[in-house]
Every structure is written in structure tokens, then in C-alpha cells.
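Inspection log for the structure reproduced underneath, given as C-alpha cells.
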Amino acid sequence: MLTSEPIADAAPRFIGAEIYRTSSYGGWHPLRVPRVSTVMDMSRAMGWLPRDRFVTSPRAKPAALAAWHSPGYLDALVRAEVEQRVTEETRDRHGLGTTSNPVFPEMYRRPATAAGGSILAGELLAGGGVIYNPAGGTHHGMPDRANGFCYLNDPVLAILSMRARGVRRVAYVDIDAHHPDGVEAAFANDPDTLMISVHEERRWPFTGGLEDQGGGQVFNLPVPRGFNDSEMRAVLQALILPAVAAFRPDAVVLQCGSDALEEDPLSRLALSNNAHWEVVAALRPLTFRYLVLGGGGYNPWSVGRCWTGVWGTLTRQEIPDRLPVEAEEVMRAIHWTGNSRARNPSPLLFETLRDAPREGPVGAELRARLDGLEARVRAMARVWV
């Protein structure tokens, strides 16, 4: 029988693979930068990732991916990798071979590995625990098309994997700078899924407005430019934690894309990595099954530091004031060109893991939005009992 008691001392597991080290979306694409490989290397350099905590991600087969993606789309994706080209019809119908989702040598194998990790996480979490898949979080993928750098939607597949093993109520929390339109398309009208998204307003994909609250269990909170640590803490205390606690989920899935950090080139939010780690830590006591995914993040130094700290938070490590030499070497080995934020990077990006806090006032407009969402949480709590 499945249990829903809070996690005690379950040993977290890290899912990763070497394919992320050897593949790229292309020399001009925002995802040309190293991310998951950096987190793997940094976590090992910190002494935080012993062999018994690391799980090599399997590559999902089309039959497993068909739990949500259409067979025709999967056929087109596999064929595009083999042929290294797409027809105009395939591009129009499935979104492959576009600027956002280009043809590249591992365009099926790489996302299928990330999805395989999330599907495996769903299987392993049937018995409880904490799993970290930083390659996951591809929350824009649609059933029949690639979308927003996402060829597949591994958060959806992870939740469906849990459901196949008897996990009923799932809370999905997303703090990426971009709204998770693909995940919302899958679960907006599902009474057993709570969805909370905190994302930058007027930012692609231009969904997830304050008025867009799905079937009643979707809580979209668009936030303004300059969103700071104090404001994220207010969101955590007023919306995320009360809603998740009231929902009493059997599992929590957290997508913690690091593109909401101040250094990221694809958003204009102003969080420090402390804000991400605070959310990661605060959700853990609320569930017996906890899956933490990556997501967006396009400054290689900030994403590497943030996601390494996520793993440190999950494994209850003490964050040092100065990186050990081995970890600093990992940071200094990263090369990132072609972006203004790569010029004259702060030495702190190489020498430390923790950002300086980026506190500030909680804006009146954000406070008003939170007041309205708090009222909705109180109303829904009576339904969730």
C-alpha cells in the first residue's frame, strides 16, 4: 500500500548521464552551454555525490514516451535524428528543425535520456524518497510538437509514471522564468493535480496570466521584472506552501529552472540562488515522494552553481564560503561567448557557490495578486479535504 507520510531520512538520488557532456543544440543556441555535466562535476568536486547516490539515466523508448506524445510525432523525431534534416511539412506540423528546436545529432537521444530519467524517477518514487534529475524540467513540450527548446515533456511523463504505480495526488510547482504551458495542457483539468507556476509576466510563451487559472487547481502567478528574493519568500509563504500543504499530495514535483536568476540572459528577474534553495528545502517536509527537476538556465556559471546547490540542499550539505580548488577549476574551465553577460564575469562566479542575497521590497501589485491567490487557496482547501 502506498503511504503519504513525510520523508524522514531517505537518501536522495541523483540521475544523470554523459550524453549531456557530449551533445549540444548548436553553436548559436542558448542551450549550447554546459549545464548538467557541470552539476555532475561540481557535485563530485564538492564531495557530495558518491557513487551509490548516482543513477545513470536510461534512454526512454518511443513506447514509453507514447504515454503522452503521439506516435506520429515520435516517429518524426527519431527520423529527423537519423536523417539530420526535416521536410517543410514536418517542420510545420511538429515544430522540428526550427530556430528554437533545431536539428542536431542527438535530437532524439538527448531528450529521450532526460525523459527516461524522469520516467525512472516516477518508478523509484513509488516506494518514497527524494530524486534529483537536473536534465529534466522540459515543461514546454506538447504531445504532437516540439516547443520552446523542449522536444519531449519529461515532467508530464514523470507524473504519468507515478500514476501508473498508484500515486494519485501530485503537486507540481514550477519556478522557472517561463510558464509551463505543456504541463498545464496535460493537467489543467485534472482534479488530482495541483499546479503552481511562478513566472515572469509578458515573457514567452505568453501564457499563464493571472486570469488563467485552468480548471480550478491551477495557480498561475506572473511576476514583474526585477522580482527579488524577498518577493519569492512572500510567494513561498503566502501561496506555495499553504496550497501544497492543503492539497496533501502523495508526491511533489518541483521544476527549478535557474533562468529566474539575475545573471540569466533570457529573463529579467533578479533572484539569487538562495531563493531557489529555500523553495527546495521548504517543500521537502510536505511529501513522502519528492522529484526535483532542472529546466531553464542559460548562463553556464549561474546554472551550474544554482543546481549544484540544489543537490547540496537536498543532501543537507553545508555551503562553504569558498569553493574547494577542484570545484573552482570546474567553474573556471567553462567558456561562454556570444553573450554580453559573458563579458567580465564576477570572480565570485568562479570562487563561491552561494550568491549574495538579493532582497528588496515586496511590490504592491505582487502583494495584491498574492492576496487574491491566498483567498483561492483557502476556498480550494475546503474542496481538497
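Just so it is clear, none of the values below were taken in a lab; they were calculated from the coordinates. Please read all numbers here as calculations on a predicted model, not as lab measurements. We place every Cβ from the backbone using ideal geometry, glycine too, and count neighbours over all the protein chains shown.
Here are a few things to note about the model shown:
- The trypsin sites (Lys or Arg not before Pro) of the range 295-351 that meet both conditions, a loop assignment by DSSP and at most 12 other Cβ atoms within 10 Å of the site Cβ, are Arg316, Arg322, Arg343.
- The alpha-carbon positions of the range 43-175 define a convex hull whose volume is 127 Å³ per residue.
- Across Ala375, Ala114, Ala76, mean-square fluctuation computed from a Gaussian network of the chain (C-alpha pairs under 10 Å connected) peaks at Ala375.
- Pairwise label distance in nanometres, Glu374 with Arg79, each label 7 Å out on the Cα-Cβ vector: 5.5 nm
- When the GluC sites (Glu not before Pro) in the range 56-157 are filtered for DSSP coil states and for at most 16 other beta-carbon atoms within 10 Å of their beta-carbon, the remaining sites are Glu106.
- Evaluated at q = 0.11 Å⁻¹: base-10 log I(q)/I(0), Debye formula over Cα of the chain: -0.72
- Alpha-carbon Rg with Dmax, taken over the range 302-385, Å: 19.5, 53
- 3J(HN,Hα) along the range 262-277, derived from phi through the Karplus expression 6.51 cos²θ - 1.76 cosθ + 1.60 where θ = phi - 60°, amounts to 4, 7, 6, x, 10, 8, 10, 8, 9, 6, 9, 5, 4, 5, 4, 5 Hz, with x in place of Gly and Pro.
- Measuring nothing but how far apart in sequence close Cα pairs (under 8 Å, 6+ apart) lie, relative to its length, the chain scores a relative contact order of 19 percent.
- All-pairs alpha carbon distance profile, the range 109-197, 5 Å steps from 0, percent: 3, 15, 26, 27, 21, 7, 1
- Placing a label point 7 Å from the Cα of Trp28 along the Cα-to-Cβ direction, the residues of the range 315-342 whose backbone N falls under 17 Å from that point are 337-340.
- Placing a label point 7 Å from the Cα of Trp204 along the Cα-to-Cβ line, the residues of the range 113-147 whose backbone N sits under 19 Å from it are 137-147.
- Here the gap between Gln317 and Asn339, fully extended at 0.36 nm per residue and compared with their Cα-Cα distance, gives a gain of 4.6 nm.
- At most 14 other Cβ within 10 Å, DSSP loop - trypsin sites (Lys or Arg not before Pro), the range 31-112: Arg85
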